[in-house]
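Bear in mind that the values in this text are calculations on the coordinates, not laboratory data. Note that the structure is predicted; figures quoted are calculated from it, not measured. As a convention, Cβ positions derive from the backbone with ideal geometry for all residues, glycine included, and neighbour counts pool all protein chains shown.
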Amino acid sequence: MQSPNDKKIPADHIRQTAELVTLLKNLLMIVTCVHVTVKPESVDDFIKATIPNHKGTVNEKGNLRFDFLQNADDPCRFMIYEAFESEEAVAFHKTTGHYLTWRDTVKDMMADTRYGVRYGVIEPRESSAW
């Protein structure tokens, strides 16, 4: 039996709340574009060292994407597009064997210090679309 203080929540309100929760979850996703410039003589070795890191990362819980890209105009420039569900997933990634091996292997191949730029996700809004 429903008491006089119980009110039915309108379906439209429930839908809007669900959309807001999805939007907030997506804004909390961690997307970083890591930019790397490699010494010309190290390009092939850098690629060989990065592929195992890519393969390991895409299998991590909490990883949504890990794309390894090479600049079309400058083969010494690379970008790694990383998307993780949470800060915890990012922190876990940095403890994995494949990441630590990659980090130590490529450090002397870089012409400059690598750097990452973080982004907020606008679309796709649903993490299932990743």
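Taking label points 7 Å from Cα along the Cα-to-Cβ direction, ASP45 and GLN70 give a separation of 1.6 nm. Placing dummy labels 7 Å off each Cα toward the beta-carbon, the span from ASP108 to ASN59 is 2.9 nm.
Spin-label pair ARG118-ALA91: with each label point 7 Å from Cα along the Cα-Cβ axis, the two points sit 1.3 nm from one another.
Once backbone amide H atoms are built at 1.01 Å from N, MET110 has LYS39 as its partners under 5 Å, excluding neighbours fewer than 5 places away on the same chain. Pop the C-beta distance of ARG15 and TYR81 into the FRET formula with R0 = 22 Å and round what comes out to the nearest 0.05. The pair ARG15/TYR81 has a calculated efficiency of 0.10.
For the stretch 106-122 versus the stretch 36-94, the spacing of their alpha-carbon centroids is 9 Å.
I need the GluC sites (Glu not before Pro) found in the stretch 84-130, filtered to DSSP loop residues with at most 12 other beta carbons within 10 Å of theirs.
Numbers: sites: GLU85, GLU87, GLU88, GLU126; in loops: GLU85, GLU126.
Here the GluC sites (Glu not before Pro) that fit, given the DSSP loop and packing criteria, are GLU126.
Pairs of Lys residues in the stretch 27-117, spaced 8 or more positions apart or belonging to different chains, with C-alpha separations under 20 angstrom: 8 in total.
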